[in-house]
Amino acid sequence: KGGKLLTGGERKGSVVAPAVLTDVERTMRIVCFEAFAPVISVIPYNTIEEAIDIVNDSEYGLQAGLFTKDINIAFKAIKGIKVGGIMINDTSLYRADMMPYGGVKNSGIGREGPRYAIEEMTDLKTVVINL
């Protein structure tokens, strides 16, 4: 509510075209909650520190994507953004099965991926036998 659909959002069968929203406020539901949909909210900022504050002003933290040509900005974002994974020059949807995947804050606990899945499905038991 309140944002402007710049492009996308059309539905054809079970496929929804990626949507770009502008004129959104950081308190709007589309910005504050995890949208498991192909949507991006464009929020202007003046400094990378301000952008990091905007991202971190959420109770969620699954993944983030950042596009930049400046490696120093990339490392500031990596250090400052509180998410489970950050993709530099790619979208937050990037995932490879062999890499750990998961969030922080209210975006879940633990990680997915082969090693992490095995750990989640394993109960360790310590046994000591004195003979």
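The values are calculated or read from the model by the stated rules, or taken from the named source; none is laboratory data. Values in this document were obtained by computation on a predicted structure and should not be read as measured data. Neighbour counts are summed over all protein chains in view; Cβ atoms, including those assigned to glycine, are modelled from backbone coordinates with ideal geometry.
Here are the numbers for this structure:
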| item | result |
| --- | --- |
| Qualifying residue in the range 12-32 (condition: closer than 21 Å to Gly108 by Cβ and in contact (Cβ under 8 Å) with a residue 60 or more places away in the chain) | no |
| Residue that is under 22 Å from Gln63 (Cβ atoms) and out of contact with any helix residue (DSSP H, G or I) (no Cβ under 6 Å at 6 or more places or on another chain), where the choices are Val16, Val24 | Val16 |
| Complete set of residues in the range 34-64 that are surrounded by 12 or more Cβ atoms within 10 Å (Cβ to Cβ), farther than 19 Å from Phe75 by Cβ and of a type in the set (A, V, I, L, M) | Ala35, Val39, Ile40, Val42, Ile43, Leu62 |
| Criterion (surrounded by fewer than 15 Cβ atoms within 10 Å (Cβ to Cβ), outside the structural domain of Phe33 (by TED's automatic domain parsing) and modelled with pLDDT under 90) met by exactly one of Ile71, Ile78, Ile118 | Ile118 |
| Failed item, numbered, when Leu93 is tested on (1) farther than 21 Å from Pro18 by Cβ; (2) surrounded by fewer than 11 Cβ atoms within 10 Å (Cβ to Cβ); (3) at pLDDT below 90; (4) not basic (Lys, Arg) | (1) |
